[in-house]
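Comments concern the structure below.
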Amino acid sequence: MTTPPQVSIIMGSQSDLPVMSKAAEFLDSIGVDYEITIVSAHRTPERMVTFAKAARGRGVKVIIAGAGGAAHLPGMVASLTTLPVIGVPVKSSNSIDGWDSILSILQMPNGVPVATVALDGAKNAGILAAEILGTSDEAIADKLADFKKKQTEKVLDSVAQLDRQKNGS
Ligand code: RP5
């Protein structure tokens, strides 16, 4: 029997995939299984309801939901499940300047939180999803610690390189 994916990545349209694939790439990089699909709040509302109601029972632990423009998907999914929902505002072709999707996802009313990352910030959504899983999974927490250590080292390498250039060595 295969283990169900712990992270579900959903997006409002195929056109969101270039942004949302960054969440998938991060989860791949640390070996966290996920599913990825399209669920549109406006064009497939019944699919959205079915997805959100079934996710917890299928073993999903965290939902990452991305959408652009009038971005109802993350909030509507959050209203239908007790799973944590991480929202990714997408600067889509129908966005005015991205603020429409940011505010649609960020400004949820009391009672229905969506953990909103930056505009097009799907990589951070992947990291946050892994951090949530890492609270009860030491192996994932260790991989996240390694990821953070490496990104710190990368910056320190750049600092050392700049210092060498400045000193002409
Ligand atoms: C939203 O409308 C989607 O999430 C997407 O960001 C945006 C544009 O969708 P398409 O017209 O490209 O399918 O629902």
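The values are calculated or read from the model by the stated rules, or taken from the named source; none is laboratory data. Fair warning: this is a prediction, and the values are worked out from it, not measured in the lab. No Cβ is skipped: glycine too gets one built from the backbone with ideal geometry, and neighbour counts run over all protein chains shown.
Search the range 99-113 for residues being closer than 24 Å to VAL62 by Cα and free of Cβ contacts under 8 Å to residues at least 24 places away in the same chain, and hand back the single one that is nearest to the ligand (Cβ to nearest atom).
So, considering only residues that are closer than 24 Å to VAL62 by Cα and free of Cβ contacts under 8 Å to residues at least 24 places away in the same chain, the one nearest to the ligand (Cβ to nearest atom) is ILE102.
I want to confirm something. Restricting to the range 76-98 and keeping residues that are closer than 16 Å to SER8 by Cβ and within 16 Å of the ligand (Cβ to nearest atom), which single residue is surrounded by the most Cβ atoms within 10 Å (Cβ to Cβ)?
VAL88
Applying the selection to the range 29-49, what residues are assigned to a helix (DSSP H, G or I) and out of contact with any helix residue (DSSP H, G or I) (no Cβ under 9 Å at 6 or more places or on another chain)?
GLU46, ARG47, listed by residue number.
Taking the range 18-33 as the search range and keeping residues that are within 15 Å of GLY66 (Cα to Cα) and surrounded by 15 or more Cβ atoms within 10 Å (Cβ to Cβ), which one is nearest to the chain's Cα centre (by Cα)?
ALA23
Let's see how each residue does on (1) acidic (Asp, Glu); (2) out of contact with any strand residue (DSSP E or B) (no Cβ under 6 Å at 6 or more places or on another chain):
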{"site": "GLN6", "(1), (2)": "no, yes"}
{"site": "SER15", "(1), (2)": "no, yes"}
{"site": "VAL19", "(1), (2)": "no, no"}
{"site": "LYS22", "(1), (2)": "no, yes"}
{"site": "ASP28", "(1), (2)": "yes, yes"}
{"site": "ILE36", "(1), (2)": "no, no"}
{"site": "HIS42", "(1), (2)": "no, yes"}
{"site": "MET48", "(1), (2)": "no, yes"}
{"site": "PHE51", "(1), (2)": "no, yes"}
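Against the definition (modelled with pLDDT of 95 or more, within 11 Å of the ligand (Cβ to nearest atom) and surrounded by fewer than 16 Cβ atoms within 10 Å (Cβ to Cβ)), how does SER15 come out, yes or no?
yes
Tell me, please, whether a residue that is closer than 20 Å to PHE51 by Cβ, hydrophobic (A, V, I, L, M, F, W, C) and either more than 17 Å from the chain's Cα centre (by Cα) or not assigned by TED's automatic domain parsing to the domain that holds SER21 (or both) can be found in the range 143-164.
Checking the range 143-164: not a single residue is closer than 20 Å to PHE51 by Cβ, hydrophobic (A, V, I, L, M, F, W, C) and either more than 17 Å from the chain's Cα centre (by Cα) or not assigned by TED's automatic domain parsing to the domain that holds SER21 (or both).
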